[in-house]
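To start, the structure under review is shown below, and the notes come after it.
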Amino acid sequence: LAFDFLGTQQLVPVWGEDQTGIVGEALASPLRVRVENQGEEGSSGVPVTFTIGSGGGYFNESGDAAEYTTLIRATDAYGFAQVDWVLGPATGDQTVQVISQGVSGSPWTFSATAITDPALLPLELVSDLLAPGDGAGNVSVTTAIQAVFTKPVDPATIFEGSYFLYDISDAAIVPVVY
């Protein structure tokens, strides 16, 4: 007999949606979800099943050469679960379904587009990692932000003002130094 004192849990996609990648290669960003309780706190130890849908492909585990079409992950201490997705052999739309039994928002379907020519990859920001959260206060002017893009960025094309943050408190644009 189990009691859920935190109320209904919800599956929330965090990042990895709508990426474009090369056929047979891993996407730039993992597929990441979070299971949260009604207080938007992460729920740890919740099983989350990732299953390859249309287009083929597989998941791989770090240090493991095996190719999995289904992986079950338990959410970490903060409620996150993620997988690395290698696209299948077909061009076009591909999908992965994410299921967590008894959790609202489940199932969730991630989509990606597979192409063959790396030159056609759009340069898009896949995710900001390690950035201060919404509403964060007392953020140092030397705060580091790690950004993940869909393809390598030529450092020669980055200059002051090519990437910036928006300071919501005074509507100022803050240039980022590379």
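Taking all protein chains as present, what is the carbon and sulfur share of the accessible area of the stretch 1-119, in % to the nearest whole number, probe 1.4 Å?
Answer for the stretch 1-119: carbon and sulfur cover 50 percent of the accessible area.
Which length gain, in nm to one decimal place, applies between THR109 and THR49 when the Cα-Cα distance is subtracted from 0.36 nm times their residue separation?
So the chain would gain 20.4 nm between THR109 and THR49.
Suppose all protein chains stay in the model; what accessible area per residue would a 1.4 Å probe give for the stretch 25-92, in Å²?
With the other protein chains kept in place, the stretch 25-92 gives 49 Å² per residue.
5 Å is the cut-off here: which amide hydrogens, built 1.01 Å from N in the peptide plane, fall below it relative to THR75, excluding neighbours closer than 5 in sequence?
Here GLY45, VAL46, VAL48 satisfy the definition.
Apply the a/c threshold of 1.5 to the C-alpha gyration tensor of the stretch 48-93 and tell me whether it is rounded, prolate or oblate.
Because a/c hits 1.5 or more and a/b exceeds b/c, the stretch 48-93 counts as prolate.
The values are calculated or read from the model by the stated rules, or taken from the named source; none is laboratory data. Quick caveat: nothing in here was measured; it's all calculated off a predicted structure. All accessible areas refer to the heavy atoms of the entire protein, side chains included, with ligands and DNA or RNA removed. Shrake-Rupley method; radii C 1.70, N 1.55, O 1.52, S 1.80 Å.
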